[in-house]
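The values are calculated or read from the model by the stated rules, or taken from the named source; none is laboratory data. What you see is a predicted model; the values in this text were computed from it and never measured. Every residue, glycine as well, gets a Cβ built from its backbone with ideal geometry; the counts of neighbours run over all protein chains shown. Each accessible area value is taken on the protein alone, full model and side chains, heavy atoms only, with ligands, DNA and RNA left out. Shrake-Rupley method; radii C 1.70, N 1.55, O 1.52, S 1.80 Å.
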Amino acid sequence: MTSPESQSPAPQPPEPESKDRVYRSAPAIAGGVLLLAVTGWLGIDAVISGEGRTPWLALAVMLLVVPLVAAFTLRPAVYAGDDRLRIRNPFRLVVVPWGQVASLRSSYSNEVLTESGAKYQLWAVPVSLRARKKAARREMRATAQARREMGRDEGRGSALGMRAGMDAALGGDSVSQGPARAETDRIMDELRGLREARHQAESARGEVTVRWAYEVLAPAVAGAVLVLILVVVG
């Protein structure tokens with residue numbers, strides 16, 4: 001019989017790996033599904049009821065259009081992990097370690113700039129000027145409501161009155177919600193915060209890698225060649 005001291009300790013279960021944060025554009029996905037449904041409906045109808053070269057032309061057009069629609073609507077995504085940022089754009093997959101990210105910039109598009117000066121657009125996080133204007137109007141209404149609340153509650157002090165007004169206008173705790181921001185701007189704020197936290201980490205070092213999406217390019221090019229051949233021959 002072995003003593004308790006001689007027994008080996010039970011193996012500890014491995015710690016679960018942190019999952020990447022995934023950012024995608026819901027309107028783009030919805031639009032892509034709709035476009036694919038319409039393309040499939042028209043294409044299959046042309047294949048079934050078409051005559052002559054029409055069925056072959058319909059198949060060639062579908063081979064060209066379907067990968068492009070999927071590439072620009074369903075494929076784009078941004079994966080933000082503890083060590084790297086993966087950017088899945090229509091025709092490329094870019095992996096940028098946080099140590100190589102110089103800045104994240106927002107203007108008319110959201111972009112990541114690397115230490116080497118390269119620039120990559122975040123297709124999955126599109127800029128919406130309409131959403132920005134809506135957030136600005138909401139912020140203006142919150143400020144006006146805060147001023148009214150501050151005037152009604154002078155006994156609590158101007159600072160507390162302003163905070164109470166912001167809470168009432170935003171519908172919750174102003175500390176937790178913060179100023180009104182567009183959804184994509186909030187996403188960029190999260191990515192900037194993650195970059196600041198992980199930029200100097202040893203595990204976040206490495207080189208930027210870029211891989212072309214041949215699974216999208218190959219069928220699209222084949223479809224374009226087939227359409228050209230059928231048009232020239234026909």
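Filtering the range 104-116 to residues that are open to solvent by 40 Å² or more (accessible area, probe 1.4 Å), touching a strand residue (DSSP E or B) at 6+ places or on another chain (Cβ under 7 Å) and either in a loop (DSSP other than H, G, I, E, B) or in contact (Cβ under 8 Å) with a residue 60 or more places away in the chain (or both) leaves only GLU115. Scanning the range 178-221 for residues that are open to solvent by less than 40 Å² (accessible area, probe 1.4 Å) and in contact with a helix residue (DSSP H, G or I) (Cβ under 6 Å, 6 or more places away or on another chain) turns up ALA180, ALA182, ARG195, HIS199, ALA204, VAL216, PRO219, ALA220.
Listed by first and then second residue, the pairs linking a residue in the range 184-206 that is under 11 Å from ASP82 (Cα atoms) to a residue that is open to solvent by 80 Å² or more (accessible area, probe 1.4 Å), with Cβ atoms under 7 Å apart and 6 or more places separating them unless they lie on different chains, are ALA204/ARG84.
Please go through the range 40-73 and pick out each residue that is in a helix (DSSP H, G or I), open to solvent by 30 Å² or more (accessible area, probe 1.4 Å) and not hydrophobic (A, V, I, L, M, F, W, C). Scanning the range 40-73 gives ASP45, SER49, THR54. The single condition among (1) more than 22 Å from GLU215 (Cα to Cα); (2) open to solvent by less than 40 Å² (accessible area, probe 1.4 Å) that PRO76 does not meet is (1).
Can you tell which of VAL233, VAL227 is at pLDDT 90 or above and among the aliphatic types (A, V, I, L, M)?
Exactly one residue qualifies, and that residue is VAL227.
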